[in-house]
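The values are calculated or read from the model by the stated rules, or taken from the named source; none is laboratory data. Source: prediction; values computed, not measured. Backbone-built Cβ (ideal geometry, glycine too); neighbour counts: all protein chains shown.
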Amino acid sequence: MFRDVMSRFPTGVTVVAAVTADGTPRGLTVNAFTSVSLDPPLVLVCIDRKASSHDPLIAAGAFCVTILASDQADVAQRFAGDPAVGRFDNVKWMMSEGGNPVLSDGAAWLDCVLERIVDAGDHSIMIGRVTASGTSEQEPLLFYGGSFGIRSECPASTACWVGFRLCSSGLQPR
């Protein structure tokens with residue numbers, strides 16, 4: 001029931017990534033992401049302790065959050081699936097000045113230094129201080145009710161959120 005209730009809350013979709021001690025990029029899809037503070041600039045991400053990328057992300061001491069664009073549902077699925085090793089293969093990305101992987105063509109990104117880890121049930125909450133960030137003109141990818149979607153304009157003059165569906169020709173409003 002808890003999972004069903006939480007699926008009624010629309011979220012953005014991110015990939016949280018870092019580089020391991022041996023120089024390998026690691027990352028995973030996360031929708032539990034939010035800002036914490038403007039001064040200093042802090043964000044948090046929640047990582048399942050059972051995720052194979054959990055320990056490498058914690059050990060890295062820094063991470064980047066890429067907010068995925070509306071046409072990156074395939075990237076979200078890739079970074080959510082197994083195996084964790086090789087997720088960056090054939091995915092366009094660059095290294096941030098802080099030494100973290102930033103996925104190309106996202107809606108935005110935040111480069112962070114790990115400030116604190118908080119144990120929270122079966123997850124770890126990583127709180128990061130934002131050291132650099134950037135945006136693009138891309139619309140964000142959204143997740144609601146177990147599906148990916150995009151923002152759509154209402155017929156009226158105000159924007160609203162509508163149902164979503166994933167189709168073979170890309171993401172389209174329902």
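Table for the structure above
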quantity: Test for residue 39: is it assigned to a loop (DSSP other than H, G, I, E, B) and at pLDDT below 95; calculated: no
quantity: Residues satisfying the stated conditions in the range 1-50, i.e. surrounded by fewer than 21 Cβ atoms within 10 Å (Cβ to Cβ) and of a type in the set (Gly, Ala, Ser); calculated: 7, 12, 21, 23, 32, 35, 37
quantity: The range 101-157: number of residues that are among the hydrophobic types (A, V, I, L, M, F, W, C), buried (at least 17 other Cβ atoms within 10 Å of the Cβ) and modelled with pLDDT under 95; calculated: 5
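Quick grid of which residues meet (1) of a type in the set (Val, Ile, Thr); (2) out of contact with any Ser or Thr (no Cβ under 7 Å at 6 or more places or on another chain); (3) assigned to a strand (DSSP E or B):
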| residue | (1), (2), (3) |
| --- | --- |
| 102 | yes, no, yes |
| 106 | no, no, no |
| 109 | no, no, yes |
| 114 | no, yes, yes |
| 119 | no, yes, yes |
| 125 | yes, yes, yes |
| 129 | no, yes, yes |
| 133 | no, yes, yes |
| 137 | no, yes, no |
